[in-house]
Every structure is written in structure tokens, then in C-alpha cells.
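The values are calculated or read from the model by the stated rules, or taken from the named source; none is laboratory data. Worth saying up front: this structure is predicted, and the values here are computed from it rather than measured. Virtual Cβ from ideal backbone geometry, glycine too; neighbours counted across all protein chains shown.
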């Protein structure tokens, strides 16, 4: 496996951008995907979880393929949520910090004024990162032209399909029929994802699966506490008291559980916010701004509500209850230990759940440490 990005074929100016972000060693998906995509290998499918480095895996080859002298939209990235779309746009922009020719990237997603987005798209734009619904709205307004798109990327395809965007994705494939390649990334590969692939991608498309053992970041310290459910709030409080200025995420399995925990922790004086599905987009944005600007140090969320959020510098993730599916553990824990930093993932489990820790250790090639946070 290549030891650095230059060996993968990434240009020195983009490598400078990666260095500035503290990214120096390719992850498994980056090491496999980047050389193939740079070589112009046509359609590509990757099965990989959050936290595996997908944005750089598709973003760096995409940036390499853009002609800065041509002002039209050459790359189109589709993401399921506004937060993920903005995160991708920000990362692509950061990668290009030292590029000699400026590449113009626009993010179009719901929750922002569509007339402002339409006006921005009148300027030279090389890459558009969009959510499916907002892209359809902008197409109805004739605010952008996809006829010049050469590379189409779908990130978290399974999430988009589970959110009901089948029709929109089919339309996007039709409107980019002249493309040179389509790159699809998905955490799962079954049912509707297979139908999407079979209906729109080359049957000879390269398929890459990053196995579970390579999914979880090695810089994460995995811990667990055995406790009764009634003890969990106290244990979380004790853990937070020891964190000084460290920031983190607390995952609950239900909206009601997240709200209740948030109320108790707020009453105890912890600067905490609750991200849950009933929030309006305006309130969600306000909450995320407060968290990113560190006015709130802790964020409580459900797996669904947390889709697409990405905040730098998180020191820990707490699992109030283990997720239903093992893949969500990697989604959750992958929120910490970004950009080469270390982080902690703390699971609060009841005595009868102890076997689940062993199952995760075996399936994900992890080692958990039993701790007492009382």
C-alpha cells in the first residue's frame, strides 16, 4: 500500500493542501480508489462507512480532473443532507488551498435561500455539491446546466434512497448521460442500491468493499462501562466533569431519550444541545452554529438526526445505548479522532449486553477496555 498521496498520483499542490489539514497517510479506501479514479477507470462503486476517508477518496481525483480554464460545471456531487453537502464543499475547497489555478465550488442545499444560490450559479462554477431536492428545484428554475458534467458522484447512496430520493437520482442520471464516469459510495449494498447500480452504472464498474476490520479509525480508544440503565445519566455527568474543555457527541437511540437526557444535563449546568428530528431547519442551523463555535460543548443526537454532521476537534463520543446495527457504531465512533488526532468512544452497556462488545471486537477487529466511570 502506498505510504503517501504523491505515490498514489496526487499532484504536489493538492498534497500541500492535505498536509495543511494534517492528512498525510492514505486510508485503505483512498489507497485503493484514488489511483483507479485518476487513471480514468470509468464507473466505480465503493462500499464504505462514514469515517473511512471517502471525501478525499473521490474528491482528490475529481479535483485533478477539473479543467480550471473551462467555466462550466464539470463535476456534480450529490449528498443526502445539507450538513454533509456543506462538509464536502468545505473539504474540497480546503484541498485546493495551494492550487495555482482557482477552482470554483458551489454548495446548493435546502435551508438556504434558493434565489441566492441561483445567483451564485451564474458565476463560473466547476463543481456543484448538492442535495437531490434542491438540485431539482434549481433545475426547474433553469439556474444551472448539467450538460457539461463529466463526473457524477453519489455519496451515501443508501441514505438518499432510504430518504425517498429514487426518482430524483434517476433524473440526475438521465440529465448527466454524457458523463465520462459515475462514482457511487454507500455504507450498505443491497435492495434499492443494487437496483440503482444495475439501472444506471456500467455492468463492468469496479466494485471496492472496505471490510469492517479497516473501517474503524485506529486512533480511537474504545471503552465500555457496565451499568444499569438508571445509572447512565450519573455516569455521563461524571465523565463530562472530567473533560475540561474537551467537546463531544452523545448518541441516544430515541428522540425522547435524547430530549430527556438533554434536559437533565442542562439542569446540572452542562453546556449541551439536543439535535433531534422535530427541529426546524432554522433551529437546527442555530444549534449547529452554537456547537461549532463552542458555545455548546456537548451535543446529544439520535443516529438519524446526526446524519451528515461533521464537527472538527471532537475528543469523544458517548453511546448512551448501543446502536441497533453494528455499522452505526462505526458511523458514531468515526465522529472523533479526525485528522490524525486521538479520541475516545465510550459505550454504556447493561449487564445482559456484554456479549455485544465481544461481537463488535471480533467483527470490527477492535479491542475494548472495561472502565469504571462512577
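Key figures
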| read-out | value |
| --- | --- |
| Residue match in the range 151-158 (condition: modelled with pLDDT under 95, part of a helix (DSSP H, G or I) and over 18 Å from residue 87 (Cα atoms)) | yes |
| Where residue 214 falls short, out of the listed (1) at pLDDT below 95; (2) closer than 21 Å to residue 34 by Cβ; (3) more than 18 Å from the chain's Cα centre (by Cα) | (3) |
| Residues within the range 277-306 that are in a loop (DSSP other than H, G, I, E, B) and either within 18 Å of residue 337 (Cα to Cα) or modelled with pLDDT of 85 or more (or both), tallied | 6 |
| Residue within the range 193-201 that is more than 13 Å from residue 47 (Cα to Cα) and in a loop (DSSP other than H, G, I, E, B) present | yes |
| Residue identified as surrounded by 15 or more Cβ atoms within 10 Å (Cβ to Cβ) and without any contact (Cβ under 8 Å) to a residue 24 or more places away in the chain among 152, 121 | 121 |
| Test result for residue 249, buried (at least 20 other Cβ atoms within 10 Å of the Cβ) and either outside the structural domain of residue 333 (by TED's automatic domain parsing) or not in a strand (DSSP E or B) (or both) | no |
| Pairs with Cβ under 8 Å, 6+ apart, first in the range 10-36 and in the same structural domain as residue 46 (by TED's automatic domain parsing), second assigned to a helix (DSSP H, G or I) and surrounded by fewer than 14 Cβ atoms within 10 Å (Cβ to Cβ) | 12/6; 15/6 |
| Subset of the range 188-205 [more than 14 Å from residue 160 (Cα to Cα), in contact (Cβ under 8 Å) with a residue 40 or more places away in the chain and in contact with a helix residue (DSSP H, G or I) (Cβ under 9 Å, 6 or more places away or on another chain)] | 201, 205 |
| Failed condition for residue 41, given (1) under 25 Å from residue 205 (Cα atoms); (2) crowded, with 17+ Cβ neighbours inside 10 Å | (2) |
| Residue satisfying condition, being in contact with a strand residue (DSSP E or B) (Cβ under 6 Å, 6 or more places away or on another chain), farther than 22 Å from residue 330 by Cβ and free of Cβ contacts under 8 Å to residues at least 24 places away in the same chain, within set 287, 261 | 287 |
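For every residue, the table says whether it meets (1) part of a helix (DSSP H, G or I); (2) touching a residue at least 60 places away in the same chain (Cβ under 8 Å); (3) over 24 Å from residue 142 (Cα atoms).
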| site | (1), (2), (3) |
| --- | --- |
| 59 | yes, no, yes |
| 72 | no, yes, no |
| 83 | yes, yes, yes |
| 106 | no, no, no |
